[in-house]
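Visitor: I have a structure here, written as structure tokens, and I will follow up with some questions on it.
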Amino acid sequence: GANNFDPAATDNNGTCTYDAEGCTDAFACNFNHQATTDNGSCDFGCYGCMNMNACNFNAEATLHDANECVYIFNQELVGETEVTVNEPTVYTYGFTAGSEYNWTVEGGVVVDGASTHEVSVVWLLEEGAITVQETNADGCEGDVVSLVVNGTVSGVGETSVAFTAFPNPANDVVVVNTHGFEPKDLQIVDATGRVVLSERLVGGQNVINVANLANGTYQMVLTEESNRVVKQLVVAH
């Protein structure tokens, strides 16, 4: 019945009022201005970031919430584009706290700093490219930023750290023969630039166990003091 039912009235004058259930929150997507009683049905799912420049742009949103928008701003990739083959070159991308950085190198290998904003790359070929993509703490991905690299070959420093590796492709072990008597550091790096194996080598023959490495192509980075040589290694079990 009506909220204002009058038992003494004999004629209906059209002034009856009734309870109407619905969403009474004016900020809700389904606000009902005729409702007098809130029935808990309020829906706020229509809010979202409607700025198309934001990385979390919501095409289904009908009400804009600027506080929801997340942005990532591309920065400059800094580093040499004229490099020396087999010598390390440092590349830096703008640092953002909480971000991760995905580096891809063609014609070289990341030997230090993978997933950080600064990496060291040893170039193996006379032509190459390096790219980086930032993912911030909110999971927002930036654009891929790249540099094209040209390399020149220099024999300086290679003789003292020259080495051979066999068999290649390798199955369970690879034998590394180094020149000289000074100890040397060997790193095996996967295609993403991650160091998957490190060994301290002595002069002469060294047997390296690669049985736990997945099938694929790796880079063997041999370092003695400031000299470094890189060779490709294929693992095929």
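Read the figures in this text as sums done on the coordinates, not as results from a lab. This is a predicted model, so every value here is computed, not measured. Note: ideal-geometry Cβ built from the backbone for every residue, glycine included; neighbour counts use all protein chains shown.
Visitor: Taking only Cα atoms of the chain, what ratio of Rg to Rh do you get with Rh as the Kirkwood inverse-distance radius?
Guide: We get a ratio of 1.41 for the chain.
Visitor: If each of Thr36 and Phe73 carries a label point 7 Å out from its Cα toward its Cβ, how far apart are those two points in nm?
Guide: Roughly 5.4 nm, to one decimal.
Visitor: Counting other C-beta atoms within 10 Å, and keeping those with at most 12, which DSSP coil chymotrypsin sites (Phe, Trp or Tyr not before Pro) do you find in the stretch 100-155?
Guide: On the way: sites: Tyr101, Trp103, Trp123; in loops: none.
Here no loop site has a sparse enough neighbourhood.
Visitor: Jot down the radius of gyration and Dmax of the stretch 77-153, Cα atoms only, both in angstrom.
Guide: 12.3, 42
Visitor: If you build a Gaussian network model of the chain, linking Cα atoms that sit under 10 Å apart, which residue out of Leu63, Leu125, Leu201 swings the most?
Guide: Most flexible of the set in this elastic network: Leu63.
Visitor: Sticking with this one: Sticking with the crude label model, points 7 Å out along Cα→Cβ, report the distance from Ser226 to Asn177 in nm, one decimal please.
Guide: So the label points at Ser226 and Asn177 sit 3.0 nm apart.
Visitor: If the rule is a partner Cβ under 4.7 Å, which cysteines in the chain fail it?
Guide: Taking the Cβ cut-off of 4.7 Å, the unpaired cysteines of the chain are Cys16.
Visitor: For the stretch 1-66, which chymotrypsin sites (Phe, Trp or Tyr not before Pro) are in a loop by DSSP, counting at most 15 other Cβ atoms within 10 Å?
Guide: Filter output for the stretch 1-66: Phe5, Tyr18, Phe27, Phe31, Phe44, Phe57.
Visitor: So what does log10 I(q)/I(0) come out to for the stretch 13-150 at q = 0.17 Å⁻¹, using the Debye formula with one equal point on every Cα and no solvent?
Guide: Taking Cα atoms of the stretch 13-150 as identical point scatterers yields -0.90.
Visitor: FRET efficiency for Thr116 and Leu147, Cβ-Cβ distance as r, R0 = 22 Å, nearest 0.05?
Guide: Efficiency, rounded to the nearest 0.05: 0.80.
Visitor: Sticking with this structure for a sec: I need the calculated FRET efficiency for the pair Leu125 and Val90, taking r as the beta carbon distance and R₀ as 25 Å, to the nearest 0.05. Before the final figure, lay out the partial values.
Guide: Working: r = 19 Å, r/R0 = 0.74.
Result of the calculation: an efficiency of 0.85.
Visitor: Against the empirical 2.2 N^0.38 Å scaling, what ratio does the C-alpha Rg of the stretch 159-235 come to? Mind dumping the intermediate values first?
Guide: Details: Rg = 11.5 Å, N = 77, 2.2 N^0.38 = 11.5 Å.
Taking N as the residue count of the stretch 159-235, the ratio is 1.00.
Visitor: Ignoring the sites themselves, what is the longest stretch of the chain with no GluC sites (Glu not before Pro) in a DSSP loop and at most 16 other beta-carbon atoms within 10 Å?
Guide: Working: sites that count: Glu60, Glu76, Glu80, Glu126, Glu158, Glu225.
Free of exposed loop sites, the longest segment is 159-224.
Visitor: Amide H to amide H under 5 Å from Ile72: which residues, 5+ apart in sequence or cross-chain, H placed 1.01 Å off N in plane?
Guide: Under 5 Å from the amide H of Ile72: Cys55.
Visitor: How many nm separate the modelled label positions at Glu106 and Ser198, each set 7 Å beyond the Cα in the direction of the Cβ?
Guide: Going from the Glu106 label point to the Ser198 one covers 3.1 nm.
Visitor: Hey, another quick one. On alpha-carbon atoms, Rg over Rh for the stretch 1-65 using Kirkwood Rh?
Guide: 1.33
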